[in-house]
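Here's the structure, in structure tokens; my notes come after.
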Amino acid sequence: MRPAFGLPQALTILIFVGGIVTVTLKYASINVNHYVDSYTREQAELFMQSATEAALLRIGTFDRSGGGCLRELNVTSPDQRFNALVRVERYYLADGSGCTNVPYTPITYTPSHGMLSMRVVVTTASGAKVLHPIRLERRSLQRP
């Protein structure tokens with residue numbers, strides 16, 4: 001008989017190589033999921049900034065002569081992947097007589113006139129194709 005690899009040694013090598021390939025594919029799929037989630041989260045954060053700016057534009061042009069201020073605003077992304085709920089929690093006004101439906105704090109310091117505290121919540125839409133649902137929340141003090 002000639003010395004050579006036998007069937008048990010060949011199967012052992014195949015199982016070892018198969019295990020290495022399996023572990024490599026598992027780590028590759030984990031990295032792909034991480035990059036997809038990071039990309040989706042970055043899109044949601046950029047949409048949150050856009051929704052905040054859209055709300056400030058809407059608040060700045062809102063007609064308060066009817067006895068109320070803008071309380072909340074819903075914004076949907078153009079690709080229908082994200083929804084944003086912008087809620088004004090408090091206005092800081094020198095004369096809050098036009099805001100009867102929203103809490104306001106009277107301000108006597110002129111440079112701070114016209115501030116508002118808002119909360120923006122961005123969530124993935126119900127029919128959006130994303131790997132993991134996203135929910136981001138940001139509270140900020142803005143000047144419309």
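The values are calculated or read from the model by the stated rules, or taken from the named source; none is laboratory data. Computed from a predicted model, the values in this text were never measured in an experiment. In this analysis, Cβ positions are derived from the backbone assuming ideal geometry, glycine residues included, and neighbour counts consider all displayed protein chains. These accessible areas exclude ligands, DNA and RNA; they are computed on the full protein's heavy atoms, side chains included. Shrake-Rupley method; radii C 1.70, N 1.55, O 1.52, S 1.80 Å.
Around the Cα centre of the stretch 23-144, unit charges on the Cβ atoms of Lys, Arg, Asp and Glu (plus for the first two, minus for the last two) sum to a dipole of about 220 debye. Per-residue accessible area (protein heavy atoms, 1.4 Å probe) orders Asp79, Asp63 as Asp63, Asp79, starting from the largest. The angle between the Cα long axis of helix 7-60 and the main principal axis of the chain comes to about 10°, on a 0 to 90 degree scale.
What percent do you get for the relative contact order of the chain when only Cα pairs under 8 Å and 6+ apart count? For the chain, the relative contact order is 20 percent. Can you send over the solvent-accessible area of Ile30, 1.4 Å probe, protein chains only, in Å² to the nearest 10? Rounded to the nearest 10, the figure is 80 Å². To put it simply, the accessible area of the stretch 16-137 at a 1.4 Å probe is 57 percent carbon and sulfur. Projecting the Cα atoms of Thr24, Leu136, Leu116 onto the charge dipole of the chain, computed from C-beta unit charges around the Cα centre, puts Thr24 farthest toward the positive end.
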